[in-house]
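The values are calculated or read from the model by the stated rules, or taken from the named source; none is laboratory data. Since we're looking at a predicted model, the values are computed, not measured. Cβ coordinates were reconstructed from backbone atoms using ideal geometry, including for glycine residues, and neighbour counts include every protein chain displayed.
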Amino acid sequence: MQIELAKKLGFCFGVKRAIKVAEENRDFDTFGPLIHNQQEIDRLKLNFNVGLKKNLSEFKTGDKLIIRTHGIEKKDLEILNERNIKYIDATCPFVTKPQEIVREMSNFGYDIVIFGDINHPEIRGVMSYASGHVSVVLDISELKTMRFSNKIALVSQTTRNIDDFTKIAKYLISEYKEVRVFNTICNATFENQIALDELSKRADIMLIIGGRESSNTKQLVKICESNCQKCHHIEIADEIKNEWFANCNLCGISAGASTPDWIIDEVVKRISQI
Ligand code: SF4
């Protein structure tokens, strides 16, 4: 059986940048997990004493905090400044962009529509920059129950599928007079998706490596399942089962944007042994 890695997989620009920030700032704590990958979080704690605090209330004056790639809500940033907590901002520039668009368009009087998951921290952060009306939707059926003013600005969660975003944009354009569409889907996600799409159409079995909570990994799994009958989402090599590979000639591998290379290497090694 051959093993083939997707042409683009794993760590994206934003995550590489955040990991570098953490490695260069020993003894800081991240507010929420830096990335959706427990194994990498454990490595940062072990080697760089970069810890994890889940609530802002756990940070006291004088503490040192790293803001993760997803960014934080505007009110939380204000709290950090009020409490004099030292922070380093590792928000991915691709997340800062929709934050700025929402702030600006909202100030111009546009209703904001965000295509994404309202429970995702990135979206909580982005929507917090709206000064007026803001709605978060995942599909057109939700939009149909809402009414907006005739000026709408549309942005997307960075990890969403471009085709789904286009459908939302088309619907709004057909219903409202002025719709400003900002494609804020990040290239890293897009490139990983295209590479996976190509490989998963040829592979007999696909392994997608990434955190169970990782939104972009879940997107990869969704694409994979529509192309390949044997698609397995794993976090680490230990989850692999020998029987998965019976009668398979080509095993394809892809990984979410928060999966480190060392975990991908372990998976390849394990399959090679099988
Ligand atoms: S997936 Fe894109 S938006 Fe998210 S951290 Fe990576 S580069 Fe930034």
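Residues that are within 16 Å of the ligand (Cβ to nearest atom), out of contact with any Cys (no Cβ under 9 Å at 6 or more places or on another chain), of a type outside the set (A, V, I, L, M) and within 20 Å of residue 19 (Cα to Cα): does segment 81-91 have at least one? Break it down stepwise before answering.
Residues of segment 81-91 that are within 16 Å of the ligand (Cβ to nearest atom), as a first pass: 88-91.
Then drop every residue that is not out of contact with any Cys (no Cβ under 9 Å at 6 or more places or on another chain), which leaves 88-91.
Adding the requirement that they be of a type outside the set (A, V, I, L, M) leaves 89, 91.
With within 20 Å of residue 19 (Cα to Cα) added as a condition, the list becomes 89, 91.
For segment 81-91, residues within 16 Å of the ligand (Cβ to nearest atom), out of contact with any Cys (no Cβ under 9 Å at 6 or more places or on another chain), of a type outside the set (A, V, I, L, M) and within 20 Å of residue 19 (Cα to Cα): present.
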ask   = Can you name the residue in segment 164-209 that is in a loop (DSSP other than H, G, I, E, B) and not β-branched (Val, Ile, Thr) and, of all such residues, is surrounded by the fewest Cβ atoms within 10 Å (Cβ to Cβ)?
value = 177
query = Is it true that some residue in segment 94-106 is on the phi > 0 side of the Ramachandran plot, exposed (fewer than 14 other Cβ atoms within 10 Å of the Cβ) and more than 16 Å from the ligand (Cβ to nearest atom)?
reply = no
Test for residue 15: is it within 16 Å of the ligand (Cβ to nearest atom) and either surrounded by fewer than 21 Cβ atoms within 10 Å (Cβ to Cβ) or part of a strand (DSSP E or B) (or both) = no
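Yes or no, residue by residue, for (1) of a type in the set (D, E, K, R); (2) at pLDDT below 95:
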residue	(1), (2)
193	no, yes
208	no, no
258	no, yes
269	yes, no
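Take residue 161 and tell me if it is exposed (fewer than 14 other Cβ atoms within 10 Å of the Cβ), modelled with pLDDT under 95 and out of contact with any Gly (no Cβ under 8 Å at 6 or more places or on another chain). Lay out the reasoning, then the answer.
On the way: exposed (fewer than 14 other Cβ atoms within 10 Å of the Cβ): no; modelled with pLDDT under 95: yes; out of contact with any Gly (no Cβ under 8 Å at 6 or more places or on another chain): yes.
Criteria not met by residue 161.
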Residue 3, sole failed condition from (1) surrounded by 19 or more Cβ atoms within 10 Å (Cβ to Cβ); (2) touching a Cys at 6+ places or on another chain (Cβ under 8 Å); (3) assigned to a strand (DSSP E or B) = (1)
inquiry  = Step by step: first the residues of segment 18-47, then only those that are part of a loop (DSSP other than H, G, I, E, B) and within 16 Å of residue 91 (Cα to Cα), then the one that is modelled with the lowest pLDDT. Which residue is that?
reply    = 36
task = Give the residues of segment 238-265 that are under 20 Å from residue 192 (Cβ atoms) and crowded, with 17+ Cβ neighbours inside 10 Å, sorted by residue number.
result = 251, 252, 253, 254, 255, 256, 257, 258, 259, 260, 263, 264
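Do we find a residue being surrounded by fewer than 11 Cβ atoms within 10 Å (Cβ to Cβ), in the same structural domain as residue 211 (by TED's automatic domain parsing) and within 26 Å of residue 162 (Cβ to Cβ) anywhere in segment 229-236? Break it down stepwise before answering.
As a first pass, look at segment 229-236 and keep what is surrounded by fewer than 11 Cβ atoms within 10 Å (Cβ to Cβ): 229.
Applying the additional criterion that residues be in the same structural domain as residue 211 (by TED's automatic domain parsing) yields 229.
Next, only the ones that are within 26 Å of residue 162 (Cβ to Cβ) stay: 229.
Scanning segment 229-236 turns up at least one residue that is surrounded by fewer than 11 Cβ atoms within 10 Å (Cβ to Cβ), in the same structural domain as residue 211 (by TED's automatic domain parsing) and within 26 Å of residue 162 (Cβ to Cβ).
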Residue that is nearest to the ligand (Cβ to nearest atom), among those in segment 188-214 that are farther than 23 Å from residue 239 by Cβ and acidic (Asp, Glu) = 191
ask   = Could you say whether any residue in segment 48-55 is assigned to a loop (DSSP other than H, G, I, E, B), closer than 25 Å to residue 118 by Cα and more than 20 Å from the chain's Cα centre (by Cα)?
value = yes
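Could you tell me whether any residue of segment 57-68 is on the phi < 0 side of the Ramachandran plot, in contact with a Lys or Arg (Cβ under 9 Å, 6 or more places away or on another chain) and within 16 Å of the ligand (Cβ to nearest atom)? Show your work before the answer.
Here is the first cut: in segment 57-68, the ones on the phi < 0 side of the Ramachandran plot are 57-61, 63-68.
Next cut, in contact with a Lys or Arg (Cβ under 9 Å, 6 or more places away or on another chain) only: 59-61, 63-65.
With the extra rule that they be within 16 Å of the ligand (Cβ to nearest atom), the set shrinks to none.
No.
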